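The values are calculated or read from the model by the stated rules, or taken from the named source; none is laboratory data. It should be emphasised that the depicted structure is a prediction, and the values quoted were computed from it without experimental measurement. Quick reminder, even Gly has a Cβ in these numbers, built from the backbone with ideal geometry, and neighbours come from all protein chains shown.
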Amino acid sequence: MAKESFTDNKRVRDLIKLMTDHGLTELELVEDKAKIRLARMSTVAAPTAAATTIALPGPGPAVQGVAAGPAAPAAEDDLVAIKSPMVGTFYAAPNPESEAYVRVGASVGPKTVVCVIEAMKVFNEIHAEVSGTVVKIMVANGQAVEFNQPLFMIRPD
């Protein structure tokens, strides 16, 4: 019987179900020379990370992920942090010739795109997920960002 590959849609769906069933926000699996990394968007007040190891059925390595935990407190009095849901490169605008998605003082809503993060040649739109005013931009355009790193500080409405 042929070994399942990461290009098999059923295998990817099974990995996504595993993430959902166990409350994981990231999952990385390496088998032989194949590697897959799945991550899903986090909420504005991203959870604190707690490492979890889950054994997949059948032969192969265990999977290490980040489990959801209690929400982190807002930094500075009543401000809410919009945090990076992934590792990648922060871009304030859709392209170098365009205006930034948001500036300090801008009003945002839950569906407002505040930036994009490039990860593995894919540009992921990041939404505010909160209504309020941008008080501070924490990273520079083109800067590498880490998972859960604050990108913006928002004063909620």
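Being within 23 Å of residue 26 (Cα to Cα) and not in a strand (DSSP E or B) holds for only one residue in 90, 147, and it is 147. In the condition set (1) in a loop (DSSP other than H, G, I, E, B); (2) surrounded by fewer than 17 Cβ atoms within 10 Å (Cβ to Cβ); (3) out of contact with any Lys or Arg (no Cβ under 9 Å at 6 or more places or on another chain), residue 101 is compliant with all but (2). Could you tell me which residue of the range 131-148 is farthest from residue 106 (Cα to Cα), considering only residues that are touching a Lys or Arg at 6+ places or on another chain (Cβ under 6 Å) and of a type outside the set (Val, Ile, Thr)? Result: 148.
Results for (1) within 20 Å of residue 136 (Cα to Cα); (2) aromatic (Phe, Trp, Tyr); (3) modelled with pLDDT under 50, shown as yes or no for each residue.
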| residue | (1), (2), (3) |
| --- | --- |
| 6 | no, yes, no |
| 22 | no, no, no |
| 27 | no, no, no |
| 45 | yes, no, yes |
| 62 | no, no, yes |
| 73 | yes, no, yes |
| 76 | yes, no, no |
| 83 | yes, no, no |
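Can we say residue 85 is in a loop (DSSP other than H, G, I, E, B), over 20 Å from residue 148 (Cβ atoms) and either within 20 Å of the chain's Cα centre (by Cα) or not charged (D, E, K, R) (or both)? Against the criterion (in a loop (DSSP other than H, G, I, E, B), over 20 Å from residue 148 (Cβ atoms) and either within 20 Å of the chain's Cα centre (by Cα) or not charged (D, E, K, R) (or both)), residue 85 does not qualify. For residue 129, the requirement of being part of a loop (DSSP other than H, G, I, E, B) and in contact with a Pro (Cβ under 6 Å, 6 or more places away or on another chain) is met. Selection within the range 126-157: residues that are free of Cβ contacts under 8 Å to residues at least 40 places away in the same chain and among the polar types (S, T, N, Q). The member of this set that is surrounded by the fewest Cβ atoms within 10 Å (Cβ to Cβ) is 131. Taking only the range 73-125 into account, find how many residues are in contact (Cβ under 8 Å) with a residue 12 or more places away in the chain and among the charged types (D, E, K, R). Result for the range 73-125: 7.
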